[in-house]
Amino acid sequence: MAHALARDLDHVLAHTPGVWEALRGRRIFITGGTGFVGTWLVESFVWANERLNLNARALLLTRNPDRVRVSNAAVQVMKGDIRTFPYPEGEFAFVIHAATEQRHHPGMFELDLQATKYVLEFARTHGTTRLLFTSSGAVYGKQPSDLTHIPEEYAGAPFTVDLNSAYGQAKRASEFLCAMYAQQFGFSAVIARLFAFAGPHLPLDLNFAIGNFIRDVLAGRPVRIAGDGTPYRSYLYAADLAIWLWSLLIRGGSARPYNVGSGDDLTIASLARTVVDNTVPGARIEIARHPMPGEPPSRYVPSVERARTELGLAPLIPLDEAIRRMYRWNRELATVP
C-alpha cells in the first residue's frame, strides 16, 4: 500500500533543498521519536534517506518500542529511559532532543532537566556537531494581551512560584543548559520554541483544541468549545513543521532560539467554525460559557520573523487545507477516541 502521507513527505523533501546532504553517511540520535513531533521527523528522515540515497542511519530512543510507527532498516530502536539509557557506542554527528515529560506536574521540572543534561552529555562525548532542542512557547509565560505576536526577544517568563508552570520553567532551564554546553564544548545547539500545530498524528484526545474539534466531527457530535472561544491561537501544518525543524538542525544559529509556528492567528471560536466548514458543514458548535465583559482575550501566537528573515522559512500549507488533510487522514486510518 502506498504511504498514506506520501504527498506531505514529498512536500517536505521539495522544501528542504540543501538540508539533507549534511546527513549523508552520518548517524543521527533522536529522542521523543514516538510523539507527534518525533514521528514526523522520523517519517520524513526515512523518506529523504531512501529517495536521496543518503545512506544515513537513525537511532531512536524510546521507553515503549511498541509505539514506534516506522519500520525501516535505516532506523534502529533502542529501549531506555531518557535520563538513564546506556550510551550507544560510536559517533552521532546529529542529535535531536524532542522528548519531554508528558505529565505537567511540579516534579516534571527536575525530570525534564535531568533528561536534557543527560542528552547534552551524550552529545558532548559522541562527536556531535549539531544538536536541535525542541523547546516551547511556554518559556515566555503569559503573553500580554496587547502583544499580538510574541518575538524571541521578549523577556517575559512564567512566575517562579507558579507550580503549574513546571513545563515552561523546565524548557527555560533546558535552553540555558543547551547554550552553556554549546559554548563550553564547541558544538552547535539550536533551540526551536514550538507553538501549536495541526496534521496527522496529532492526538485527538489530549488538550489540543484542533484535535478535539476534529474528534468531535468524526464522532458525529457537536463541536464543543470548553471555554468562551475568545483565546487567539495559530497553527502550523505538520509537514511544514518538519521542514522547519530539519532546516533548523542544519542551518539554525547555535544557542539562538527560533519560534516555530504560524503568525496567522484566529480565535478558538473561529477555529471551530473553520473546522466545521472544511469537514462537516452544518455541524453544530457549542460554546461552554460567555466571555467575561471587559476581560481581554488570551493569546498564544508567535512572531516568526526571525525564521523567515534568517532561514527563509514560512507556513506553506494554509489552515483550511491543513484541516482537510488532518480530517481525511484520521477518517481513513485512525480510530476516533
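The values are calculated or read from the model by the stated rules, or taken from the named source; none is laboratory data. Since the model is a prediction, treat every value here as computed from it, not as a measurement. Using ideal geometry, Cβ is built from the backbone for each residue, glycine included, and neighbour counts are taken over all protein chains shown. Surface accessibility is based on the protein's heavy atoms, side chains included, excluding ligands, DNA and RNA. Shrake-Rupley method; radii C 1.70, N 1.55, O 1.52, S 1.80 Å.
Annotations for the structure displayed:
- Residue match in region 203-210 (condition: at negative phi and crowded, with 23+ Cβ neighbours inside 10 Å): yes
- Check on Leu13, touching a residue at least 24 places away in the same chain (Cβ under 8 Å), in a loop (DSSP other than H, G, I, E, B) and aliphatic (A, V, I, L, M): no
- Residue in region 75-86 that is in a helix (DSSP H, G or I) and open to solvent by 30 Å² or more (accessible area, probe 1.4 Å) present: no
- For region 16-31, taking the residues that are in contact with a strand residue (DSSP E or B) (Cβ under 8 Å, 6 or more places away or on another chain) and open to solvent by less than 20 Å² (accessible area, probe 1.4 Å), the one that is nearest to Pro88 (Cα to Cα) is identified as Phe29.
- Filtered by the rule that a residue be modelled with pLDDT under 95 and more than 13 Å from Ile30 (Cβ to Cβ), region 41-68 gives Arg63, Asn64, Pro65, Asp66, Arg67.
- Gly312 meets the conditions (1) under 29 Å from Leu248 (Cβ atoms); (2) more than 20 Å from the chain's Cα centre (by Cα) in every case but one. The failed one is (2).
- Meets criteria (open to solvent by 10 Å² or more (accessible area, probe 1.4 Å) and of a type in the set (D, E, K, R)) for Asp216: no
- Look at (1) farther than 17 Å from Leu249 by Cβ; (2) in a helix (DSSP H, G or I) and you find that Val37 fails only one, number (1).
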